[in-house]
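In what follows, a single structure is set out as structure tokens and then discussed.
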Amino acid sequence: MTQKAVKKLANKLNQFIPNSKWNFDLEDCDKILRVESREVNVIQIIEFLNKYKFECLELE
């Protein structure tokens, strides 16, 4: 994940989970996405990102 990829994905992610907070930690080697939302669950977020060819796993 790069800053350029985040910019491309940002509008889509904002539309998918409009009343949420999210951010990518691009400094981390795993490029962590953190999401705070009451509207979607982890599986929905994973499926959304996979649709755009981003690998995504839930961290414990």
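The values are calculated or read from the model by the stated rules, or taken from the named source; none is laboratory data. Every value quoted in this text rests on a predicted model; they were computed, and no experiment measured them. Cβ: placed from backbone, ideal geometry, glycine included. Neighbour counts: every protein chain shown. Please note that ligands, DNA and RNA were not included when accessible areas were found on the heavy atoms of the full protein model with its side chains. Shrake-Rupley method; radii C 1.70, N 1.55, O 1.52, S 1.80 Å.
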**Fill in**
Filtering segment 1-17 down to residues that are loosely packed, with under 10 Cβ neighbours inside 10 Å and assigned to a loop (DSSP other than H, G, I, E, B) yields none
**Asked** Is there any pair linking a residue in segment 30-43 that is farther than 10 Å from LEU59 by Cβ and part of a loop (DSSP other than H, G, I, E, B) to one that is modelled with pLDDT under 90 and open to solvent by less than 100 Å² (accessible area, probe 1.4 Å), with Cβ under 6 Å and at least six apart or on different chains, and which?
**Response** LYS31/MET1
**Asked** Is there any pair with a first residue in segment 8-22 that is in contact (Cβ under 8 Å) with a residue 24 or more places away in the chain and a second that is not charged (D, E, K, R) whose Cβ atoms are under 6 Å apart and which are 6 or more apart or on different chains, and what are they?
**Response** PHE16/PHE48; ILE17/SER37; ILE17/VAL40
**Item:** Meets criteria (of a type in the set (Asp, Glu) and either in a helix (DSSP H, G or I) or surrounded by 10 or more Cβ atoms within 10 Å (Cβ to Cβ) (or both)) for GLU27
**Value:** no
